[in-house]
Amino acid sequence: MSLLTQHAQQLAAGAVSSVELCQDYLARIKAHNPTLNAFITVDTERTLAEARAADALRAAGQAGPLTGVPLAHKDIFCTEGWLTTCGSRMLANFVAPYDAHVVSQFKTAGMPCLGKLNMDEFAMGSSNESSYFGPVKNPWALAAVPGGSSGGSAAAVAAGLCPVATATDTGGSIRQPAALCGVTGIKPSYGVVSRYGMIAFASSLDQAGVMARSAADCALVLSVMAGPDPRDSTSLEREREDYSRDLNRPLTGLRIGLPKEFFAAGMAADVEAATINALDEYRRLGATTVEVSLPNSGLSVPVYYVLAPAEASSNLSRFDGVRYGHRAAAYKDLTEMYEKTRAEGFGAEVKRRIMVGAYVLSHGYYDAYYLQAQKIRRLIANDFTEAFKHCDLIMGPTTPTTAFNLGEKADDPLQMYLSDIYTIAVNLAGLPGMSVPCGFGADGRPVGLQIIGDYFGEARMLNAAHRYQGVTDWHARRPEGY
Ligand code: GLN
């Protein structure tokens with residue numbers, strides 16, 4: 001039985017109250033967060049008030065299926081009354097005046113918030129080292145990064161500091177940290193979850209999703225957070241879905257596409273071995289595999305690092321010290337106030353992205369970089385459309401290696417950018433992607449299998465992941481001491 005189902009049943013049976021469940025998790029956070037640094041904000045009183053409200057709903061006979069089950073939010077989601085920092089000094093004092101759509105969906109479901117999770121500054125990074133609040137440690141190996149940008153979400157779920165966490169994925173930030181921390185994570189198709197109240201990085205790529213211990217739990221929570229929202233013009237007007245509906249469907253006849261570009265040089269031997277073993281398991285479950293090609297996928301990292309910074313440079317112009325967030329203490333005029341505020345408020349990686357973005361959008365370079373990147377983005381999306389004529393799902397590695405060590409790539413942005421080589425094309429195409437634990441590397445650190453679906457193929461992906469988790473126990477392994 002999945003962890004959330006277990007909690008839900010205990011609550012329904014009256015074996016435990018939401019207050020007790022939250023106290024349990026808060027105690028674990030208190031014990032382990034000083035080492036892991038997964039949470040930026042914990043507010044015991046606020047959490048327990050939400051838990052008491054959930055218990056009252058239950059007592060009044062008004063509980064939904066997940067009422068009382070707690071979760072934690074990546075600190076990119078505006079959460080009314082809570083500090084919402086986005087991992088930045090710029091917002092280190094920002095208390096959100098309203099809830100993100102995602103947050104209000106969970107509130108309506110009666111799910112208390114355990115706290116706000118650490119992340120790379122403005123979700124820019126693959127290691128959580130760009131956070132103003134310090135790096136997160138990977139519970140599998142404290143010397144290792146948890147991945148990023150949703151490193152706090154991944155580490156907290158892996159260490160059992162929360163049963164489930166929200167996260168966001170612009171170029172891999174759900175899948176890559178899920179893989180490096182041995183948890184299950186899903187980024188739905190672009191437009192499935194509202195971005196209202198989710199602090200923007202690159203709006204045409206950003207998408208919210210979830211990390212949990214299993215695909216079954218991801219399905220339960222995705223069903224709560226997804227659905228149309230008139231406050232986000234890119235939120236799709238599709239019927240709400242029950243993402244658990246197909247979990248147990250047999251995989252007989254499922255066609256799995258293996259992109260030949262993903263299985264070429266670049267993948268570490270231990271990651272490759274675990275991936276190949278997972279595919280064997282799928283064949284035993286009745287699936288067939290077919291080679292497919294994504295000929296333009298090799299261009300996805302350079303294309304992303306033109307488009308994402310371009311959008312970021314525009315989105316982050318709102319942090320000017322005037323309305324909210326950090327403002328420099330002393331300045332002689334308005335221009336100096338802007339300059340000092342932004343110089344102090346943003347970290348090195350964010351500044352790098354703003355500069356690149358402003359450059360590729362500038363007169364004279366727009367055609368050479370931004371426009372070209374947009375054209376290749378279309379070609380990358382077309383590659384997937386072609387591949388899905390031959391298969392139902394695409395599978396491959398999530399990351400080229402297991403978790404690297406803290407500091408290992410911190411001074412080398414290009415090496416850091418390459419950690420997302422298998423994940424970025426999915427965002428450029430707007431497709432759903434997932435990472436599922438599928439083994440361990442030579443260093444004992446987790447390996448993730450990436451599952452990519454066609455547009456709105458979330459239920460199919462979760463089905464494939466769930467059946468795999470029915471015959472393997474990689475997702476159930478826990479790091480020692482947690
Ligand atoms: N690591 C990528 C970046 O630094 C992706 C981040 C993300 O998905 N938010 O931009």
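The values are calculated or read from the model by the stated rules, or taken from the named source; none is laboratory data. Worth saying up front: this structure is predicted, and the values here are computed from it rather than measured. Please note: Cβ atoms are built from the backbone with ideal geometry, for glycine as well, and neighbour counts cover all protein chains shown. Note: accessible area is taken over every heavy atom of the protein model, side chains too, but ligands, DNA and RNA are not part of it. Shrake-Rupley method; radii C 1.70, N 1.55, O 1.52, S 1.80 Å.
On the given criteria, is Gly433 away from the ligand (no atom under 16 Å from the Cβ), closer than 30 Å to Gly470 by Cα, open to solvent by less than 30 Å² (accessible area, probe 1.4 Å) and under 22 Å from the mean Cα position of the chain (by Cα)?
Details: away from the ligand (no atom under 16 Å from the Cβ): no; closer than 30 Å to Gly470 by Cα: yes; open to solvent by less than 30 Å² (accessible area, probe 1.4 Å): yes; under 22 Å from the mean Cα position of the chain (by Cα): yes.
No: the conditions fail for Gly433.
Among Ala330, Ala358, Ala381, Ala343, which is the only one that is out of contact with any Asp or Glu (no Cβ under 7 Å at 6 or more places or on another chain), free of Cβ contacts under 8 Å to residues at least 60 places away in the same chain and under 19 Å from Asp169 (Cα atoms)?
Details: Ala330 fails: under 19 Å from Asp169 (Cα atoms); Ala358 fails: under 19 Å from Asp169 (Cα atoms); Ala343 fails: under 19 Å from Asp169 (Cα atoms).
Checking each option against the conditions leaves just Ala381.
Quick check on segment 1-16. Is at least one of its residues touching a residue at least 24 places away in the same chain (Cβ under 8 Å), within 17 Å of Pro112 (Cβ to Cβ) and either touching a Ser or Thr at 6+ places or on another chain (Cβ under 6 Å) or not in a helix (DSSP H, G or I) (or both)? Lay out the reasoning, then the answer.
First, pick out the residues of segment 1-16 that are touching a residue at least 24 places away in the same chain (Cβ under 8 Å): 2-5, 7-8, 11-12.
If we keep only those that are within 17 Å of Pro112 (Cβ to Cβ) too, we end up with 3-4, 7-8, 11-12.
From the residues that got through so far, the ones that are either touching a Ser or Thr at 6+ places or on another chain (Cβ under 6 Å) or not in a helix (DSSP H, G or I) (or both) too are none.
Checked segment 1-16: no residue is touching a residue at least 24 places away in the same chain (Cβ under 8 Å), within 17 Å of Pro112 (Cβ to Cβ) and either touching a Ser or Thr at 6+ places or on another chain (Cβ under 6 Å) or not in a helix (DSSP H, G or I) (or both).
Can you find a residue that is small (Gly, Ala, Ser), in contact with a helix residue (DSSP H, G or I) (Cβ under 9 Å, 6 or more places away or on another chain), away from the ligand (no atom under 16 Å from the Cβ) and not in a loop (DSSP other than H, G, I, E, B) anywhere in segment 174-182? Can you show your working first?
The first filter runs over segment 174-182 and keeps only residues small (Gly, Ala, Ser), leaving 178-179, 182.
Pick out the ones that are also in contact with a helix residue (DSSP H, G or I) (Cβ under 9 Å, 6 or more places away or on another chain) and you get 178-179, 182.
Okay, now just the ones that are also away from the ligand (no atom under 16 Å from the Cβ), so 182.
Narrowing the set further to residues that are not in a loop (DSSP other than H, G, I, E, B) leaves none.
Scanning segment 174-182 turns up no residue that is small (Gly, Ala, Ser), in contact with a helix residue (DSSP H, G or I) (Cβ under 9 Å, 6 or more places away or on another chain), away from the ligand (no atom under 16 Å from the Cβ) and not in a loop (DSSP other than H, G, I, E, B).
Could you check how many residues of segment 28-44 are under 21 Å from Leu66 (Cα atoms) and loosely packed, with under 14 Cβ neighbours inside 10 Å?
Number of matching residues: 0.
For segment 464-482, which residues satisfy the criterion of being among the small types (Gly, Ala, Ser), more than 21 Å from Asp392 (Cα to Cα) and more than 22 Å from the chain's Cα centre (by Cα)?
Let us first name the residues in segment 464-482 that are among the small types (Gly, Ala, Ser), namely 464-465, 470, 476, 481.
Filter once more, keeping what is more than 21 Å from Asp392 (Cα to Cα): 476, 481.
Gly481 - this is the single residue of segment 464-482 that is among the small types (Gly, Ala, Ser), more than 21 Å from Asp392 (Cα to Cα) and more than 22 Å from the chain's Cα centre (by Cα).
Based on this model, can you work out whether Gly110 counts as small (Gly, Ala, Ser), touching a Lys or Arg at 6+ places or on another chain (Cβ under 9 Å) and at negative phi? Steps first, please.
Numbers: small (Gly, Ala, Ser): yes; touching a Lys or Arg at 6+ places or on another chain (Cβ under 9 Å): yes; at negative phi: no.
No, not satisfied.
Just to be sure, is Asn118 open to solvent by less than 10 Å² (accessible area, probe 1.4 Å) and within 14 Å of the ligand (Cβ to nearest atom)?
Numbers: open to solvent by less than 10 Å² (accessible area, probe 1.4 Å): yes; within 14 Å of the ligand (Cβ to nearest atom): yes.
When the stated conditions are applied, Asn118 passes them.
Test Asp270 against the stated conditions and say whether it is open to solvent by less than 50 Å² (accessible area, probe 1.4 Å), in a helix (DSSP H, G or I), charged (D, E, K, R) and at pLDDT 95 or above. Show your work before the answer.
On the way: open to solvent by less than 50 Å² (accessible area, probe 1.4 Å): yes; in a helix (DSSP H, G or I): yes; charged (D, E, K, R): yes; at pLDDT 95 or above: yes.
Considered against the rule, which asks whether it is open to solvent by less than 50 Å² (accessible area, probe 1.4 Å), in a helix (DSSP H, G or I), charged (D, E, K, R) and at pLDDT 95 or above, Asp270 comes out as yes.
Of the residues that make up segment 101-111, is at least one part of a helix (DSSP H, G or I) and either closer than 17 Å to Leu205 by Cβ or within 16 Å of the ligand (Cβ to nearest atom) (or both)?
Kept after step one, since they are part of a helix (DSSP H, G or I), are these residues of segment 101-111: 101-108.
With the extra rule that they be either closer than 17 Å to Leu205 by Cβ or within 16 Å of the ligand (Cβ to nearest atom) (or both), the set shrinks to 102.
Checked against the condition, which is being part of a helix (DSSP H, G or I) and either closer than 17 Å to Leu205 by Cβ or within 16 Å of the ligand (Cβ to nearest atom) (or both), segment 101-111 yields at least one hit.
Any residue at all in segment 450-459 that's of a type in the set (Gly, Ala, Ser), open to solvent by less than 50 Å² (accessible area, probe 1.4 Å) and more than 25 Å from Ser244 (Cβ to Cβ)?
So in segment 450-459, the residues of a type in the set (Gly, Ala, Ser) come out as 453, 457, 459.
Of the ones still in play, those that are also open to solvent by less than 50 Å² (accessible area, probe 1.4 Å) are 453, 457, 459.
With the extra rule that they be more than 25 Å from Ser244 (Cβ to Cβ), the set shrinks to none.
The answer is no, given that none of the residues of segment 450-459 is of a type in the set (Gly, Ala, Ser), open to solvent by less than 50 Å² (accessible area, probe 1.4 Å) and more than 25 Å from Ser244 (Cβ to Cβ).
Looking only at segment 351-384, count every residue that is within 16 Å of the ligand (Cβ to nearest atom) and either open to solvent by less than 20 Å² (accessible area, probe 1.4 Å) or out of contact with any Ser or Thr (no Cβ under 7 Å at 6 or more places or on another chain) (or both) and tell me the total. Explain how you work it out, then say what you get.
Residues of segment 351-384 that are within 16 Å of the ligand (Cβ to nearest atom), as a first pass: 351-357, 360, 373, 377, 380.
From what is left, the residues that are either open to solvent by less than 20 Å² (accessible area, probe 1.4 Å) or out of contact with any Ser or Thr (no Cβ under 7 Å at 6 or more places or on another chain) (or both) are 351-353, 355-357, 360, 373, 377, 380.
Qualifying residue count for the region: 10.
In segment 300-350, what count of residues is obtained for those that are under 28 Å from the mean Cα position of the chain (by Cα) and open to solvent by less than 50 Å² (accessible area, probe 1.4 Å)?
Matching residues across segment 300-350 total 24.
Got at least one residue in segment 90-100 being within 13 Å of the ligand (Cβ to nearest atom), closer than 24 Å to Arg353 by Cα and touching a residue at least 40 places away in the same chain (Cβ under 8 Å)? Can you show your working first?
The first filter runs over segment 90-100 and keeps only residues within 13 Å of the ligand (Cβ to nearest atom), leaving none.
No, the conditions are met nowhere in segment 90-100.
Scan segment 385-421 for residues that are hydroxyl-bearing (Ser, Thr, Tyr), part of a loop (DSSP other than H, G, I, E, B) and surrounded by 23 or more Cβ atoms within 10 Å (Cβ to Cβ) and jot them down. First the steps, then the outcome.
Let us first name the residues in segment 385-421 that are hydroxyl-bearing (Ser, Thr, Tyr), namely 385, 398-399, 401-402, 417, 419.
Now drop any that are not part of a loop (DSSP other than H, G, I, E, B), which leaves 398-399, 401-402.
Passing the criteria: Thr398, Thr399, Thr402.
In segment 70-100, what residues are outside any loop (DSSP other than H, G, I, E, B) and either open to solvent by 30 Å² or more (accessible area, probe 1.4 Å) or touching a Leu at 6+ places or on another chain (Cβ under 8 Å) (or both)?
Of all residues in segment 70-100, those outside any loop (DSSP other than H, G, I, E, B) come to 71-74, 77, 83, 89-91, 95.
Within segment 70-100, Leu71, Ala72, His73, Lys74, Leu83, Arg89, Val95 qualify.
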